[in-house]
């Protein structure tokens with residue numbers, strides 16, 4: 001199966017894709033929108049995207065694209081993020097003057113730069129891309145920060161391993177596939193409860209991700225969340241995001257710990273009655 005990822009081969013998304021779908025063919029994409037294009041067009045059977053990091057929080061662009069595009073979450077994976085300083089063969093740690101990586105990765109390795117004040121941190125578009133660049137250009141005074149997969153992919157040398165500040169650094173990845181129709185306006189919870197997505201729910205699914213919007217009236221959020229409390233459904237996450245093109249309007253993202261069972265379906269039907277729109281983003285086995 002062809003699986004689209006955002007970033008270069010050797011990235012953490014590449015590693016997550018191979019762990020979720022062994023023997024898949026990874027299709028690297030420069031932009032996140034391109035990943036979703038591949039899935040919607042069918043040129044890739046699936047995509048693996050990072051959605052949340054324990055230190056950096058939600059990947060905002062991917063959250064927005066999950067609402068805007070016709071895709072469905074079928075699985076999640078928690079990948080331990082281990083950063084390594086990787087250079088071209090023959091380069092020594094003492095000779096480094098620059099280390100390149102994605103800004104988030106650089107921010108997660110502050111202690112390394114404190115210990116090596118002569119080394120400048122240089123933002124780059126991708127972790128694995130930074131390793132690809134320093135090795136392709138045969139840079140003698142530069143390295144990249146990325147996972148071990150990048151060192152294997154580009155035949156790089158790990159100068160220092162495990163340079164991340166926090167050893168409990170995890171990224172949550174979603175496996176997404178093409179879905180049917182997108183969610184509509186009021187009552188979308190009912191329509192999404194039809195055969196639209198039932199065929200996409202994998203065996204053992206016990207977690208659901210949704211997005212919904214409520215009107216700016218007193219008690220609207222309380223009423224929307226009460227549909228879960230009334231049925232003893234546990235929410236594992238809730239956050240709000242601004243709606244693109246709609247200033248001061250917000251979408252709520254919720255994960256709850258139920259699969260496609262009667263209490264969950266009733267809760268979604270009830271939510272469809274009080275919310276302006278509801279979209280079921282996915283129903284999948286919890287990692």
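Centre-to-centre separation between the Cα atoms of the stretch 85-111 and those of the stretch 197-229: 42 Å. Beta bridges from DSSP with both residues in the stretch 84-160: antiparallel share about 45 percent, rounded to the nearest 5.
Summarised in one figure, the compactness ratio Rg/Rh of the stretch 18-131, Cα atoms and Kirkwood Rh, is 1.03.
With q set to 0.12, 0.13, 0.22 Å⁻¹, the log10 of I(q)/I(0) for the stretch 181-287, from the Debye formula over equal scatterers at the Cα positions, is -0.36, -0.43, -1.25.
Roughly how many whole Å is it from the C-alpha centroid of the stretch 114-167 to that of the stretch 23-78? So the separation of the two Cα centres works out to 24 Å. Computed over Cα pairs, the Kirkwood radius of the stretch 61-185 leads via Stokes-Einstein (1.567 mPa s, 4 °C) to a diffusion coefficient of 82 µm² per second. Between residue 241 and residue 56, full extension at 0.36 nm per residue minus the direct alpha carbon distance yields a gain of 65.1 nm. Considering the chain as a Gaussian network with a 10 Å cut-off on Cα pairs, which listed residue, 165, 261, 37, attains the greatest mean-square fluctuation? Its mean-square fluctuation being the largest, the pick is 261. Just checking the listed ones, 145, 210, 233: in the Gaussian network model of the chain with Cα springs under 10 Å, the one fluctuating most is 233. A value for semi-axes √(5λ) of the Cα gyration tensor in Å was derived from the coordinates, and within the list (i) 29, 20, 18; (ii) 40, 20, 16; (iii) 31, 27, 19 it appears as (ii). Taken over the Cα atoms of the stretch 130-184, the convex hull encloses 170 Å³ per residue.
Which one of 117, 28, 247 has the biggest mean-square fluctuation once the chain is modelled by GNM with Cα springs under 10 Å? Sorting by GNM fluctuation, first place goes to 247.
Each reported figure results from applying straightforward, stated rules to the coordinates on display, with no laboratory input. Just so it is clear, the model here is predicted, and its values are computed rather than measured.
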